[in-house]
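Everything on this sheet refers to the single structure shown next.
The values are calculated or read from the model by the stated rules, or taken from the named source; none is laboratory data. Values in this document were obtained by computation on a predicted structure and should not be read as measured data. Cβ placement follows ideal geometry from the backbone for every residue including glycine, while neighbour counts extend to all protein chains displayed. Keep in mind that these areas ignore ligands, DNA and RNA; they rest on the heavy atoms of the full protein, side chains included. Shrake-Rupley method; radii C 1.70, N 1.55, O 1.52, S 1.80 Å.
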Amino acid sequence: MRFRNLHPDLRGPGAWGLLRHLVLARLLGRSSARPPGLPAPSVPPDLVLLRAAPPVPHLTWLGHASVLLALGGRNILVDPVWSSRVAWFFRRHAPPPLAWEQLPPIDLLLVTHNHWDHLDPPTIQRLDRSCTVVVPLGLGRWFCRCGFARVIELAWWEQTRLGNVQVSFVPAHHGSGRRFLDANRTLWGGYVLEAEGLSVYHAGDSAWFEGFREIGRRFPHLTAALMPIAGYEPRWLTAHSHTTPEEAARAFLEVGARWMVPIHWGSFQFSDEPLQEPVQRLLAWWEAQPSLPRERLKVLAMGETLRLS
């Protein structure tokens, strides 16, 4: 079985185009990638806040798409990647801002899809097997083989609950696959987490699609939207799978959250743009919108925490 996007007519160049551009061109010295430049800024984490019991509602950006959330008295980890290299070829340009031993006890693990920069086996192996795991359809078997006691698979728009935290799996326009023969055999998407009158949307990876508006309609008054802003060059390769910074901002307006938190930038160079260009473009776009308050954009440094209440 292979899964499909809601708008399957928006097709990319396929596995061969991806292999040729991301791997072969680099190995042969023909890559069009610009120098990575400096990674995203990093700050020491607030360990007192992160390990508070009970947890105070907050989110902490851990680099790339990795986020630590505290909501409804639970510690939640989304797309954790602690490895210094993913998919063998792509090195991390800045270490994680939080040592693994500094993490609070994790109650819930969420994985948006199985691409290497979102599902990192060495990191997953370090997690306590007592935490609950929520994954897209098709990924549950992998986590059960890892020994996790409670694994829940969700399709788009399905929900589950851990204590008083409601987890909803929502669509994205992207794809899945870890090798060139397993494309789209597991589902992909984002999550909306709700508790204590607060709600957080983690978009995972996505190109622009009309589904952002539907997410905003089904989940009005979102507190924060974590939107991916990198991985957009060259457009012939990425337009079907990643937003530009400007498209990510438009998607944020479609979902209607109070705050936008840009993620998926500044740690790995998977595409041709430098590491800090995405956030520079996002800031430039934001400043050109006179009716859009600057305080709605929360550009976090790696390790920085945003209080949600």
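Being hydrophobic (A, V, I, L, M, F, W, C) and open to solvent by 40 Å² or more (accessible area, probe 1.4 Å) is a property that holds for A239. May I ask you to verify whether G197 is modelled with pLDDT of 95 or more, open to solvent by 70 Å² or more (accessible area, probe 1.4 Å), over 19 Å from the mean Cα position of the chain (by Cα) and of a type outside the set (F, W, Y)? It is true that G197 is modelled with pLDDT of 95 or more, open to solvent by 70 Å² or more (accessible area, probe 1.4 Å), over 19 Å from the mean Cα position of the chain (by Cα) and of a type outside the set (F, W, Y). Among the residues making up the stretch 61-119, those that are open to solvent by 10 Å² or more (accessible area, probe 1.4 Å), part of a strand (DSSP E or B) and either under 27 Å from E196 (Cα atoms) or of a type in the set (V, I, T) (or both) are R74, N75.
Whenever a residue of the stretch 192-210 is closer than 13 Å to A248 by Cα, its partners that are among the acidic types (D, E), lying with C-beta atoms within less than 9 angstrom and at least six residues away or across chains, give the pairs H202/D79; G204/D79; D205/D117; A207/E247; W208/E247; E210/E254.
This table checks each residue for (1) over 24 Å from H264 (Cα atoms); (2) in contact (Cβ under 8 Å) with a residue 24 or more places away in the chain; (3) in contact with a strand residue (DSSP E or B) (Cβ under 7 Å, 6 or more places away or on another chain).
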site: N114; (1), (2), (3): no, yes, no
site: Q125; (1), (2), (3): no, no, no
site: D128; (1), (2), (3): yes, no, no
site: V133; (1), (2), (3): no, yes, yes
site: L137; (1), (2), (3): no, yes, yes
site: R141; (1), (2), (3): yes, no, no
site: C144; (1), (2), (3): yes, no, yes
site: G147; (1), (2), (3): yes, no, no
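Residues in the stretch 200-226 that are assigned to a loop (DSSP other than H, G, I, E, B), of a type in the set (A, V, I, L, M, F, W, C), open to solvent by less than 10 Å² (accessible area, probe 1.4 Å) and touching a His at 6+ places or on another chain (Cβ under 8 Å): 2 in all. Restricting to the stretch 208-244, give me the number of residues that are of a type in the set (A, V, I, L, M), more than 19 Å from F90 (Cα to Cα) and touching a Leu at 6+ places or on another chain (Cβ under 7 Å). Qualifying residue count, the stretch 208-244: 1. Within the stretch 291-308, the residues that satisfy the criterion of being more than 18 Å from the chain's Cα centre (by Cα) and either of a type in the set (K, R) or loosely packed, with under 14 Cβ neighbours inside 10 Å (or both) are S291, P293, R294, E295, R296, R307. Counting the residues of the stretch 140-176 that are open to solvent by less than 80 Å² (accessible area, probe 1.4 Å), aliphatic (A, V, I, L, M) and either at pLDDT below 95 or assigned to a loop (DSSP other than H, G, I, E, B) (or both) gives 2. In the stretch 244-290, the residue that is farthest from H115 (Cα to Cα) out of those that are open to solvent by 30 Å² or more (accessible area, probe 1.4 Å) and among the aromatic types (F, W, Y) is W285. Applying a threshold of 6 Å to beta carbon distances and a minimum spacing of six or more residues, or different chains, the list of pairs starting in the stretch 76-97 at a residue that is under 9 Å from L62 (Cβ atoms) and ending at one that is part of a loop (DSSP other than H, G, I, E, B) and among the aromatic types (F, W, Y) reads P96/W82.
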